[in-house]
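Working notes, beginning with the structure itself.
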Amino acid sequence: MIALRIEQWRAWAPGVATEEAWLAWAQSPRVLADQQEQPECLSLPPMQRRRLSRLARMTMEVASPLCGDDEQLPFVFASRHGETTRTLDLLGDVAGEQPLSPTQFGLSVHNAIAGQWSLLRGQRGESVAIAGEADTFEHAMLEASTLLAAGAPSVLAVIAEEVPPDAYDGWITDVPFSYAVALRLGCADVAMPGSTWQLDLDRHDGDTPPCPWPHALDFLRAMQTAAPSLQHAWKRRRWQWQRS
């Protein structure tokens, strides 16, 4: 079992960006229409914003407010699918026997966004990029807990997914709409009522219906509605969240 304190959070999805909008969504969750909108990402200069993919812009949008300009924080970037749009474009070039762009290839790898965060924000600390299954969110929390246990005062974790291109229809089914969630996490030994959560894992047997929302958004919903607990089941794993 691990325990984490949620110091701050930010989230973005098409048409839902403020705390008030997320509270309304949490009280009446629904699949959001995704028309390829992008966050403004005003924390970065225009030239830098133009070079970012949509997934990278979503990440910067939610992460930037949680890290001060002169602050160094360990960074965990988590995404099950990563840069599917860039990857598909590169596969199209391969199929068409066209030369691959080294820049586009470099930006398609899974740790590219973590690297962009380090470069654009002058972050010199540890950064980790992970990809799991539908419970990538929980694996990101485990990764963050190890950084806290190693002595970090706070850790910034971002979970982000972009709706994939149509070519992935039938293959990628767990991203109902694009979203990014950033959590600034601290050790649970600091008393902040309602902000500390315990996460436990046990074996899951049976046919529990899957979570209708990505785990990160379901957790955000629990935070917003003051739910005391929630469970996320995936294959043989059952993650149990309990508010302290």
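The values are calculated or read from the model by the stated rules, or taken from the named source; none is laboratory data. Since the structure is predicted, the reported quantities are computational estimates derived from the model, not experimental observations. All Cβ positions, glycine included, derive from the backbone under ideal geometry; neighbour counts span all protein chains shown. Heads up: the accessible areas ignore ligands, DNA and RNA and are worked out on the full protein's heavy atoms, side chains in. Shrake-Rupley method; radii C 1.70, N 1.55, O 1.52, S 1.80 Å.
Remarks
- Test: Ala191 is closer than 29 Å to Gly125 by Cα, open to solvent by less than 30 Å² (accessible area, probe 1.4 Å) and either at pLDDT 95 or above or part of a loop (DSSP other than H, G, I, E, B) (or both): no
- Tally of residues being among the aliphatic types (A, V, I, L, M) and open to solvent by less than 50 Å² (accessible area, probe 1.4 Å) across the stretch 42-53: 2
Matching residues to (1) of a type outside the set (A, V, I, L, M); (2) open to solvent by 70 Å² or more (accessible area, probe 1.4 Å); (3) under 26 Å from Ile172 (Cα atoms):
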| site | (1), (2), (3) |
| --- | --- |
| Ala56 | no, no, yes |
| Glu61 | yes, no, yes |
| Leu66 | no, no, no |
| Phe77 | yes, no, yes |
| Asp93 | yes, no, yes |
| Gln104 | yes, yes, yes |
| Gly115 | yes, no, yes |
| Arg121 | yes, no, no |
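- Hey, Phe77 among the aromatic types (Phe, Trp, Tyr), on the phi < 0 side of the Ramachandran plot and outside any helix (DSSP H, G or I) or not: yes
- Checking the stated criteria, Pro39 turns out to be in a loop (DSSP other than H, G, I, E, B), under 18 Å from Ala160 (Cβ atoms), open to solvent by less than 70 Å² (accessible area, probe 1.4 Å) and modelled with pLDDT of 90 or more.
- When the stretch 1-35 is filtered for residues that are in a loop (DSSP other than H, G, I, E, B) and touching a residue at least 60 places away in the same chain (Cβ under 8 Å), the ones remaining, listed by number, are Met1, Pro14, Pro29, Val31, Leu32, Ala33, Asp34.
- The test for being open to solvent by 70 Å² or more (accessible area, probe 1.4 Å) and modelled with pLDDT of 90 or more holds for Gly15.
- Selection of the stretch 214-238 for residues being touching a residue at least 60 places away in the same chain (Cβ under 8 Å) and open to solvent by 70 Å² or more (accessible area, probe 1.4 Å) yields Arg221, Lys235.
- Those helices (runs of 4 or more DSSP H) lying entirely in the stretch 99-159 with at least 1 residues in contact with a strand residue (DSSP E or B) (Cβ under 6 Å, 6 or more places away or on another chain): 112-121, 136-149
- Within the stretch 132-148, being open to solvent by 40 Å² or more (accessible area, probe 1.4 Å) and either under 14 Å from Trp241 (Cα atoms) or at pLDDT below 95 (or both) holds for Glu133, His139, Leu142.
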